[in-house]
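Okay, so here's the structure we're looking at.
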Amino acid sequence: MDLGIEGKVALVTGGSRGLGRYSALALAREGVRVAICARTEAPLRKTVEELRALGSEAQGFVADVAVAGDVARLHREVVAALGPVDILLNNVGGGRGGGVLEATDDDWMAAFNLNIFSALRLMRLVAPSMRERRWGRIINIASIYGREHGGRSATYMAAKAALIAMTKHAALAYAKDGILVNSVAPGSIAFPGGSWDRFQREQPPEAVREFIERNLPMGRFGWPEPVGDTVAFLASERASLITGACINVDGGQSHSLI
Ligand SMILES: NC(=O)c1ccc[n+]([C@@H]2O[C@H](COP(=O)([O-])OP(=O)(O)OC[C@H]3O[C@@H](n4cnc5c(N)ncnc54)[C@H](OP(=O)(O)O)[C@@H]3O)[C@@H](O)[C@H]2O)c1
């Protein structure tokens, strides 16, 4: 299937490692010109080389998307280097603190800043030009724990649920403008250096087996390539009737019927 996005410009936040990196690689394979950002330069540079090896006119930018000024600078630099953003992947996210009552005000604000405000600020910056050009794709990486109860961090659940809600709202606002806005909800995805890889290495084998038995119907952790491929599909011409959706990529891990 030709995804029809060769030559488009994508911005992937947190594209140096993990799901952001796999998504950037999937987009690069489709001939997309990919900008990635992260806070640390060395992994950023390494991933840019990988993207270029796939033929993408890739660029890396050091930026902390939790900082409003960095977000504005990042957007300016990406547009100057590659042109207006056609595809925005808001991938950076995470939680802070444990239960509702244990998490501090700072934990709550940090989680919403990282998951919501980073995405919202970039959406505001890219949307006007997408609207003018009547083509755009915005994809937000949520989690199955934004759709149903799960995990240990209340701030994470609440922030990912808010991200899914914001995605839906934006999708309806831009539905007539050729801009599709969707979210992706991964389950527990393991890759070298990621949190589930650490979990498997650091926990006793019995605890890992029990986790898999209780949570993962396929009998193994998820793997990252299908997340990247889903992002590339949602970014494509082929997804033209999909907007406001939240797509699980979880091997059946989540329990929700909706
Ligand atoms: N892995 C899973 O099982 C899973 C499941 C559900 C949802 N998710 C969601 O998927 C997304 C990616 O998770 P992941 O597991 O791939 O994470 P990861 O392995 O920790 O990778 C995070 C990436 O984001 C960058 N980053 C982190 N904070 C940043 C910031 N403030 N500004 C700019 N870049 C930043 C990191 O580089 P630097 O550290 O150098 O900045 C790195 O490139 C998150 O939203 C997460 O909640 C993951």
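Could you check region 38-62 and list, in sequence order, the residues that are in contact with a helix residue (DSSP H, G or I) (Cβ under 8 Å, 6 or more places away or on another chain), closer than 12 Å to ALA24 by Cα and not charged (D, E, K, R)?
THR47, LEU51, LEU54, SER56, ALA58, GLN59, GLY60
From ASN113, ASN140, grab the single residue that is outside any loop (DSSP other than H, G, I, E, B) and touching a strand residue (DSSP E or B) at 6+ places or on another chain (Cβ under 8 Å).
ASN140
Could you list, in sequence order, all residues of region 112-154 that are within 15 Å of the ligand (Cβ to nearest atom), of a type in the set (D, E, K, R) and closer than 19 Å to ALA68 by Cα?
Answer for region 112-154, where residues must be within 15 Å of the ligand (Cβ to nearest atom), of a type in the set (D, E, K, R) and closer than 19 Å to ALA68 by Cα: just ARG121.
On the basis of being in contact with a strand residue (DSSP E or B) (Cβ under 7 Å, 6 or more places away or on another chain), among the charged types (D, E, K, R) and assigned by TED's automatic domain parsing to the domain that holds LEU19, does GLU41 make the cut?
The answer is yes for GLU41.
Only one of LEU234, LEU163, LEU180, LEU172 is on the phi < 0 side of the Ramachandran plot, aliphatic (A, V, I, L, M) and over 16 Å from the mean Cα position of the chain (by Cα). Can you tell me which?
Just a single option satisfies the conditions, and that option is LEU172.
Tell me, which residue of region 186-217 that is of a type in the set (A, V, I, L, M, F, W, C) and part of a helix (DSSP H, G or I) is farthest from ARG21 (Cα to Cα)?
ALA207
Does GLU49 satisfy being under 18 Å from ALA127 (Cα atoms), of a type in the set (Asp, Glu), surrounded by fewer than 18 Cβ atoms within 10 Å (Cβ to Cβ) and modelled with pLDDT of 95 or more? Even if it seems obvious, please write down each step before you answer.
Details: under 18 Å from ALA127 (Cα atoms): no; of a type in the set (Asp, Glu): yes; surrounded by fewer than 18 Cβ atoms within 10 Å (Cβ to Cβ): yes; modelled with pLDDT of 95 or more: yes.
Against the criterion (under 18 Å from ALA127 (Cα atoms), of a type in the set (Asp, Glu), surrounded by fewer than 18 Cβ atoms within 10 Å (Cβ to Cβ) and modelled with pLDDT of 95 or more), GLU49 does not qualify.
From the set of residues in region 180-220 that are in contact (Cβ under 8 Å) with a residue 60 or more places away in the chain and more than 15 Å from the ligand (Cβ to nearest atom), which is nearest to ASN115 (Cα to Cα)?
Quick first cut of region 180-220, residues in contact (Cβ under 8 Å) with a residue 60 or more places away in the chain only: 180-189, 191, 193-194.
Still in the running and more than 15 Å from the ligand (Cβ to nearest atom): 180-181.
Numbers: LEU180: 19, VAL181: 16 Å.
Checking each candidate, the answer is VAL181.
Pick out the one residue from MET166, MET109 that is over 28 Å from PRO43 (Cα atoms), in the same structural domain as ARG76 (by TED's automatic domain parsing), within 15 Å of the ligand (Cβ to nearest atom) and modelled with pLDDT of 95 or more.
MET166
Residues that are away from the ligand (no atom under 16 Å from the Cβ): find the helices (runs of 4 or more DSSP H) completely inside region 1-89 holding 2 or more of those.
The helices (runs of 4 or more DSSP H) meeting that bar are 41-53, 68-82.
Please give the number of the condition ASP107 fails out of (1) of a type outside the set (Ser, Thr, Tyr); (2) in contact with a Ser or Thr (Cβ under 6 Å, 6 or more places away or on another chain); (3) surrounded by fewer than 23 Cβ atoms within 10 Å (Cβ to Cβ); (4) not in a helix (DSSP H, G or I).
(4)
The values are calculated or read from the model by the stated rules, or taken from the named source; none is laboratory data. These numbers come from a predicted model, not from an experiment. Glycine gets a Cβ as well: all are built from the backbone with ideal geometry, and neighbour counts include every protein chain shown.
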